[in-house]
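The values are calculated or read from the model by the stated rules, or taken from the named source; none is laboratory data. Everything quoted here is computed from the prediction, not taken from an experiment. As a convention, Cβ positions derive from the backbone with ideal geometry for all residues, glycine included, and neighbour counts pool all protein chains shown.
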Amino acid sequence: MPHNLVQLSPFDVHNQQLEANVHPPGWKNPTPKQPYHLVVIGAGTAGLVTAAGAAGLGARVALIERELMGGDCLNVGCVPSKGIIRAARVAATVRDSQVFGVDVTAGAAFNFGKAMERMRRLRTRISPNDSAKRFSEMGIDVFFGQGAFVDDRTVSVTCRDGSVSELKFRRAVIATGARASAPPIPGLDSVKYLTNENLFSLTELPRRFGVIGSGPIGCEMAQAFGRFGSDVVLFERGDRLLTREDPDASAVLQKEFERDRIRLMLNSDHMQLSPVDDGSICVSIVQNGIKRKTVVDQLLVAVGRAPNIDGLNLPAVNVQADRSGVEVNDHLLTTNPRIFAAGDICSKYKFTHAADFQARIVIQNALFALGPFGKKKASNLIIPWTTYTSPEVAHVGLYEHEAKAAGVLVDVYIQELADVDRAILEGQDEGFVKVLTKQGTDKIVGATIVAENAGDLISEITLAMSNKIGLSKIGATIHPYPTQAEAIRKLGDQVNRTKLTPLARKVLNLLRRINVGS
Ligand SMILES: Cc1cc2nc3c(=O)[nH]c(=O)nc-3n(C[C@H](O)[C@H](O)[C@H](O)COP(=O)(O)OP(=O)(O)OC[C@H]3O[C@@H](n4cnc5c(N)ncnc54)[C@H](O)[C@@H]3O)c2cc1C
């Protein structure tokens, strides 16, 4: 069965051009070459990076996409979400402008349609990187249609017109990603709800906007729509936002959400949904033993991701998969020795940069490793991540609870942004940098940063961890004044101060006396 194409809506000049780039109408699939060194199913980040890297190194590659090249990230994920988050930040700056002595509030009006149009324009501007034209010009055979395994040397591609091509492969890569999962909430099927697949098609700002789930997508979108002017209600089953992150980070974010006038419904239990006659949606919950009903005009469901394994015919090739995705070993090999996987389909790290670096591992392991020699391991990747709220929440390595569970003794260094000059001057002093080092050493094992640009700041720590640079060396590195990155340098100073043992102090006193007397 051909798969239904994601609707690019509104189908304006930007979306028409986007479609022309990432699923050109009238595209003719090439005649298959026999056999391909590598057949890649799915042209999101993982598939694109695998195909481009392998073709660049001389392999004969076919790439199959059933919807839009660029996958979630370009079309319905990172790119559109960060596009509208930028608009939300501007809206918040205008809202708070009086404090800077700029009073524009009387004349300020937010135009949701324009903000969404800007997002569509920029998404289209970025899209040539992921386009069918670009990948064909790299020598890759690009096929549009549903990919499925026939046997462990053949993949079929079923086009929307029903025609089928068969591609022979020596190695195959499953890079089919994930989509929003539909949680078992009573009444979910009876209402028209939003997921990341249709959220970015909105053209009118909902007056009342509900969000289920306070993970990264839920938090980012709740805050953005709150800043646009919707009355936002965020439902979360747990007792804090971003339950996977450091509790101190959740606390800072919660304060900021209250400032953004987002209604937080933490500890929401026994949820039920029902349609209301005027097209709105009633969300019933029990919160701390009390029944509550809230009516919203649009409801975003953002509670986890489900792997795209439908229609792949995995049993034909003995590839094991379950609700969390395709099973792979540390070399990203599936349970079939010819078939690898990369990206959201097999990874607990559902991020574009993780998909990118897993794809690089697959290229090496599928095409260039000789037996056990030259094989790369996914577990060696040090993967940071960021939730793009205001302030951003970025993390790398271990959390305190993980270190404890793993029996890793740690020292915890914290620098509050309230003591960082640049953060104060910018009015962005809610947040912190927290670094965990192996106890008694300066070896970094994890970090959380909560800051307006935490996603950029975390790279300094990731670089240090990847290259075994200790926190004291960061303390000895000159950072420009005033910058928010000084928060990280100051933590290095904290570590260096712990090195001032009584003996070191005595030696310094002696040297001083020799040089300048007592
Ligand atoms: C709202 C949102 C915001 C996000 N923001 C960020 C962010 O800021 N930073 C970040 O790092 N990550 C972010 N992510 C996550 C990021 O989008 C994913 O981690 C990334 O897209 C994974 O890439 P992938 O190649 O594994 O899968 P995908 O991007 O999902 O690509 C898989 C592709 O395979 C195709 N496909 C599936 N089945 C078949 C089949 N049988 N035959 C042919 N084709 C098939 C699909 O159509 C799709 O194009 C966000 C996600 C969402 C939803």
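Of the residues making up segment 126-178, those that are assigned to a loop (DSSP other than H, G, I, E, B) and more than 10 Å from the ligand (Cβ to nearest atom) are 131, 138, 139, 140, 152, 153, 159, 160, 161, 162, 163.
Among the residues of segment 445-455, are any more than 30 Å from residue 224 (Cβ to Cβ), over 20 Å from the mean Cα position of the chain (by Cα) and outside the structural domain of residue 362 (by TED's automatic domain parsing)? Scanning segment 445-455, I find at least one residue that is more than 30 Å from residue 224 (Cβ to Cβ), over 20 Å from the mean Cα position of the chain (by Cα) and outside the structural domain of residue 362 (by TED's automatic domain parsing), so the answer is yes. Search segment 21-38 for residues that are touching a residue at least 12 places away in the same chain (Cβ under 8 Å) and assigned by TED's automatic domain parsing to the domain that holds residue 75 and pair each with any residue that is basic (Lys, Arg) and assigned to a loop (DSSP other than H, G, I, E, B) when their beta-carbon atoms are under 9 Å apart and the residues are at least 6 apart or on different chains. Close Cβ pairs (under 9 Å, with a partner that is basic (Lys, Arg) and assigned to a loop (DSSP other than H, G, I, E, B)) amount to 33/60; 35/60; 35/153; 36/60; 37/60; 38/60. Being modelled with pLDDT of 95 or more, assigned to a helix (DSSP H, G or I) and farther than 30 Å from residue 331 by Cβ is a property that does not hold for residue 106. The residues on offer are 72, 103, 12, and the sole one that is of a type in the set (D, E, K, R) and free of Cβ contacts under 8 Å to residues at least 12 places away in the same chain is 103.
Residues of segment 235-273 that are under 25 Å from residue 182 (Cβ atoms) and β-branched (Val, Ile, Thr): 243, 262. Only residues that are in a strand (DSSP E or B) and either more than 13 Å from the ligand (Cβ to nearest atom) or surrounded by fewer than 20 Cβ atoms within 10 Å (Cβ to Cβ) (or both): list them for segment 322-339, please. Result: 322, 333, 339. Kindly evaluate residue 420 against the criterion of being touching a residue at least 12 places away in the same chain (Cβ under 8 Å) and more than 21 Å from the chain's Cα centre (by Cα). Here the answer is yes, as residue 420 does meet what is asked.
Scanning segment 351-381 for residues that are in contact (Cβ under 8 Å) with a residue 40 or more places away in the chain, more than 15 Å from the ligand (Cβ to nearest atom) and not polar (S, T, N, Q) gives 366, 367, 368, 375, 376, 377. Residues of segment 340-350 that are more than 8 Å from the ligand (Cβ to nearest atom), surrounded by 20 or more Cβ atoms within 10 Å (Cβ to Cβ) and not in a strand (DSSP E or B): 346 alone. Of the candidates 140, 84, 126, the single residue that is farther than 30 Å from residue 315 by Cα and buried (at least 19 other Cβ atoms within 10 Å of the Cβ) is 84. Being in contact (Cβ under 8 Å) with a residue 40 or more places away in the chain and within 16 Å of the ligand (Cβ to nearest atom) is a condition met by no residue of segment 261-282.
Among the residues of segment 398-405, is any farther than 16 Å from residue 248 by Cβ and either away from the ligand (no atom under 16 Å from the Cβ) or of a type in the set (Ser, Thr, Tyr) (or both)? Checking segment 398-405: at least one residue is farther than 16 Å from residue 248 by Cβ and either away from the ligand (no atom under 16 Å from the Cβ) or of a type in the set (Ser, Thr, Tyr) (or both). Listed here are the helices (runs of 4 or more DSSP H) enclosed by segment 10-80 that have at least 3 residues being crowded, with 21+ Cβ neighbours inside 10 Å and near the ligand (Cβ under 9 Å from one of its atoms): 45-56, 71-76.
Residues that are free of Cβ contacts under 8 Å to residues at least 12 places away in the same chain and aliphatic (A, V, I, L, M) within segment 406-417 comprise just one, 406. State whether one or more residues within segment 477-484 are surrounded by fewer than 17 Cβ atoms within 10 Å (Cβ to Cβ) and in a helix (DSSP H, G or I). No, segment 477-484 contains no residue that is surrounded by fewer than 17 Cβ atoms within 10 Å (Cβ to Cβ) and in a helix (DSSP H, G or I). Taking the criterion of being under 30 Å from the mean Cα position of the chain (by Cα) and assigned to a helix (DSSP H, G or I), the residues of segment 485-499 that qualify are 486, 487, 488, 489, 490, 491, 492. Of all residues in segment 275-291, those that are surrounded by fewer than 14 Cβ atoms within 10 Å (Cβ to Cβ) and assigned to a strand (DSSP E or B) total 3.
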